[in-house]
Amino acid sequence: MAGGGISPLGPAPPMWYHRDLSRAAAEELLARAGRDGSFLVRDSESVNGAYALCVLFQKHVHTYRILPDEEGFLAVQTSQGVQPKRFKTLPELVSLYLQPSQGLVTTLLYTVDREETAFSDDRDYSDGEDEKPPLPPSLLKNSLWTFLSLFCFSTPAANGLSTISHEYLKGSYALDLEAVKQGACSLPHLNKTLVASCKRLNGEVDKVLSGLEILSKVFDQQSSFMVSKMIQQSVNQGGDQELENLVTKLAILKDLLSSIEKKALKALQDMSLSSPSSPPPMSMRHSKAIPVQAFEVKLDVYLAELTKIGKSQKYTLSVDVEGGRLVVMKKVKDSQEDWTTFTHDKIRQLIKSQRVQNKLAIVFEKEKDKSQRKDFIFASAKKREAFCQLLQLMKNKHSNQDEPDMISIFIGSWNMGSVPSPKSVASWVLCRGLGKTLDEMTVTIPHDLYVFGTQENSVCDREWVESLRAMLKDQTELDYKPIAVQTLWNIKIAVLVKPEHENRISHVGMSSVKTGIANTLGNKGAVGVSFMFNGTSFGFVNCHLTSGNEKIARRNQNYLDILRLLSLGDKQLSSFDISLRFTHLFWLGDLNYRLDMDIQEILNYINRKEFDPLLKVDQLNLEREKNKVFLRFAEEEISFPPTYRYERGSRDTYVWQKQKATGMRTNVPSWCDRMLWKSYPETHIVCNSYGCTDDIVTSDHSPVFATFEVGVTSQFVSKKGLPKSSEQAYIEFESIEAIVKTASRTKFFIEFYSTCLEEFKKSYENDSQSSDNINFLRVGWSNKQLTTLKPLLSEIEYLQDQHLLLTVKSLDGYESYGECVLALKSMIGSTAQQFHTYLSHRGEETGNIRGSMRVRVPSERMGTRERLYGNSPFKPKQDASDGDSSVAKNSYNNPAYYILEGVPNQSAAALSPELLPSPTSANPQATPTPLNEPKNVLLLLNASDSDNLLLCSSYVNGKLRKMFRPNFPHISRSSRMKIAAMVKTSLNSTCFDFTVTSQRRTWRRQGCLTPPTSKSCWRASDSSSNRHK
């Protein structure tokens, strides 16, 4: 705050301030205003606490950053050497630039005001049969009476302790309020409520302290006296002092738990000094094929621990691959050394820091079911990777257990309707019921991960997790370990993992976002969990969106808010929304999208089990087709009836009418409960089941389940020794061109992010720029503007699993105009390969990007191994000079794209055999034929499995000549599409005839592209027909 606590927005936010409005939305508002000098101010997307002044001039939007200084004063960012003008508040700053000749491109003339939304329109508690109020929120300023009134007319929660607090909010708080008005400094009725609510907690704390009393007497005599005293006092004390006594006991318990292990460790170490172990003499060691390698490291400790540990922080880590040992050696004094030897089976986990690239945490097994973690700082990131390589060699040589290449994941979503679950929900976890279910022979095979997302779940967290563990143990006889539980009011997500995988999980993160009334109540919103499984990142989001048939726009906004505000994953990727931060992101929950059809028609189709007509009017499908939500997400084909709104106690009857204070409300049967996912390109993921149960009837929603087969990578990436300096791999770009949706004409640069890079890299500003449309800008970077990237490791086995994240940013505001992800696997080779993909920002498609690049891997690092989820070991691409004439020179094998090259007798070679239709195909005319002249024409078919469109692009002499989008029915990822095409291309037109064949259907598209009078667009005539097998 500037000026001693003054808000930068002044007494009240001015109407031209739009808070968290996106850049794209701001440009749309200004374009709608249409007058030079129109302006607005929004929050900066690149700097927290900063603002962006957006001004329209000559149909272009100009953006100026407004930055706070150390004293909280605001100033428009100026060129180097220009003294900025400082202001206490935004209104003061804007008032200056309302005057002419102040340095902006034009004077600020016309405000573009924000639209205010009605508070009452967002009220949304539940669609359940019994209306349940939200739990007590964090009370807003000036809204206390509003929220208290919600509780005065609502039903008490089922939980008895919740009822105590509920009763206070309904009436007793008024007595405390009256006492405060009369000058009282305490709240006796609230104190009484707290004591009653914490009664069970008091007893549990006493039990824990009694159990620790013996340990404290042995290892911590000072705390032992206080523990015994508190236990004795707790027997006699009560009343007003009971709550204060509980707080004191909790403080002692916290101190005791945080110190007892360290003090016990020190005591046991002192006992063991009488018989220290000694390292084996050097003369006893035999010569090894791989010599012992030593790494000089420093122990990473907190500042508070430096006084305890002393000044010596230097360690030597010696890896004996042949002997299967890791020796951790520390210099104690000038000539003395202290060492500890760990065998290969005692090294439980390596955790690579994402923030500090040369930092590594090692988890050692000290004794049964106990471990110790030490964080080490290596001389460089490459040294850290070399150390990990050697440990991988050692583990592989001496351990019988290989790291998994593939895992299975169960995901369940259920709106529980604010009532406890039945005693058995086995059908849910066994995927038994309706829709795509698992085969009975595989249904009882335990999954590696179980993810449970629930809404309107009134069960407390601990009880819920324990019930899940007990259920899994009954079904699998395994004791699954909870790795994360996150709750927002009654929205919960719990992740459990097989015991054998517990130490493969790292970097666990949790977050939540409220989207209820005014985005401050948590009755609607989302919870999320993220983690690394070895080298693969996962994200899971469970949400409960706004209800109501007509509130589509509100649901869309809920999704966008969650996408932007949920804080999960690597913090370095703040420029990217969560849909690009993870190798695999799963989104589940009660999305509340409905069916736009008459109720009787819906019921008739359900009775006949004809779901296709209903899916065509499904609001979520329609919004996805418009690219408004879940851009490029995938969903398995729905083959089960709508999961909402059933009569409780039955799955035979839907209940669609409900009397409310505002009148009769209609809730048509709908697929409210959904599961979608988004994965990086060229990763392995298969949905094996997607359905709902038909025997769990306590809620008006049926539980939904899905199972996935997912490829994962290992943290230990290389089986070779330390790399030589001459064996460095390189990522090289020849050129990049992007088309971004913007009315700005600023300069741009590209940032590159990847876990295979030591730090993110930036390009220089673009050296070409043009525009054929006022709302789009074409920017290009030549080779000299693009930096060469050096991966941390050079092995092809490592690089083929890596991905590169790109973000196109402006020089004026350092804000992102679009992000994308590229798989390195398709780019490995001695010649440059083409890439072409879309750009998105804040869930919206904002353009596309294409270019050519190569990942050059030295021959010494080309060895690979076969993956469980690959049909064959990866083979790098070769150029024509390598002797493989069958490989087209310009082809690339990104599985999201299929290219047919204009070279005679090579059209079939451009498609892999598994993509060609079988001889018994329902469409025999689809057999590929040689393409005619010219020879340098490419037809690119982008078969997106998260979208029901094929993007077809025709390239002539390397330039994009024409594009068209023929409509296709939705093609799911599991359809295993087969594509065949016949294309006849000339310089004037392109005729196409291609077929897409899935396991169930065949679609055919025919037509011609003809050039118009203008060069700016092309027209496609589509004489298409659908044929179903």
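Listed values, structure above:
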quantity: The one condition in (1) surrounded by 21 or more Cβ atoms within 10 Å (Cβ to Cβ); (2) aliphatic (A, V, I, L, M); (3) closer than 20 Å to Tyr680 by Cα that Leu591 fails to fulfil; calculated: (3)
quantity: Residue list for the range 765-781, filter: within 13 Å of Ser735 (Cα to Cα) and in a strand (DSSP E or B); calculated: Ser768, Val779, Gly780, Trp781
quantity: Yes/no for His544 being open to solvent by less than 10 Å² (accessible area, probe 1.4 Å) and within 22 Å of Phe705 (Cβ to Cβ); calculated: yes
quantity: Residues located in the range 23-37, provided they are part of a helix (DSSP H, G or I), of a type outside the set (A, V, I, L, M) and open to solvent by less than 60 Å² (accessible area, probe 1.4 Å); calculated: Arg23, Glu27
quantity: Residue check, Lys514 buried (at least 19 other Cβ atoms within 10 Å of the Cβ), charged (D, E, K, R), more than 30 Å from Val443 (Cβ to Cβ) and in contact (Cβ under 8 Å) with a residue 60 or more places away in the chain; calculated: no
quantity: Listing of strands (runs of 3 or more DSSP E) fully contained in the range 310-386 that carry 1 or more residues being closer than 30 Å to Pro499 by Cβ and at pLDDT below 85; calculated: 347-352, 359-367, 370-377
quantity: Number of the condition not met by Gly453 [criteria: (1) surrounded by fewer than 19 Cβ atoms within 10 Å (Cβ to Cβ); (2) closer than 29 Å to Asp700 by Cβ]; calculated: (1)
quantity: Scan of the range 68-94 for residues that are open to solvent by 50 Å² or more (accessible area, probe 1.4 Å) and of a type in the set (A, V, I, L, M, F, W, C), ordered by number; calculated: Val82
quantity: Of residues in the range 596-642 being charged (D, E, K, R) and farther than 27 Å from Ile562 by Cβ, the one most open to solvent (accessible area, probe 1.4 Å); calculated: Lys609
quantity: Matching entry among Leu799, Leu811, Leu806 (being of a type outside the set (Val, Ile, Thr) and under 21 Å from the mean Cα position of the chain (by Cα)); calculated: Leu806
quantity: Strands (runs of 3 or more DSSP E) contained in the range 421-514 and holding at least 3 residues of a type in the set (Ser, Thr, Tyr); calculated: 505-514
quantity: Complete set of residues in the range 667-693 that are touching a Phe, Trp or Tyr at 6+ places or on another chain (Cβ under 6 Å), open to solvent by 20 Å² or more (accessible area, probe 1.4 Å) and not in a loop (DSSP other than H, G, I, E, B); calculated: none
quantity: Members of the range 823-875 that are at pLDDT below 95, in contact with a helix residue (DSSP H, G or I) (Cβ under 8 Å, 6 or more places away or on another chain) and among the aromatic types (Phe, Trp, Tyr); calculated: Phe874
quantity: Restricting the range 37-51 to residues that are among the polar types (S, T, N, Q) and modelled with pLDDT of 90 or more, the residue that is farthest from Leu573 (Cα to Cα); calculated: Ser38
quantity: So Val429, is it within 19 Å of Met675 (Cα to Cα), in contact (Cβ under 8 Å) with a residue 60 or more places away in the chain and touching a strand residue (DSSP E or B) at 6+ places or on another chain (Cβ under 8 Å); calculated: yes
quantity: Odd one out for Gly711 among (1) out of contact with any Asp or Glu (no Cβ under 8 Å at 6 or more places or on another chain); (2) at pLDDT below 95; (3) of a type outside the set (Val, Ile, Thr); calculated: (1)
quantity: Filter result for Ser567 (open to solvent by less than 30 Å² (accessible area, probe 1.4 Å) and among the polar types (S, T, N, Q)); calculated: no
quantity: Some residue of the range 427-444 being under 30 Å from Phe364 (Cβ atoms) and modelled with pLDDT of 95 or more; calculated: no
quantity: Residue that is nearest to Arg581 (Cα to Cα), among those in the range 486-511 that are open to solvent by less than 30 Å² (accessible area, probe 1.4 Å) and among the hydrophobic types (A, V, I, L, M, F, W, C); calculated: Ile505
quantity: Failed condition for Leu391, given (1) modelled with pLDDT under 85; (2) farther than 30 Å from Leu568 by Cα; calculated: (2)
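The values are calculated or read from the model by the stated rules, or taken from the named source; none is laboratory data. Fair warning: this is a prediction, and the values are worked out from it, not measured in the lab. All Cβ positions, glycine included, derive from the backbone under ideal geometry; neighbour counts span all protein chains shown. Protein only, heavy atoms only, side chains kept; ligands, DNA and RNA dropped before computing areas. Shrake-Rupley method; radii C 1.70, N 1.55, O 1.52, S 1.80 Å.
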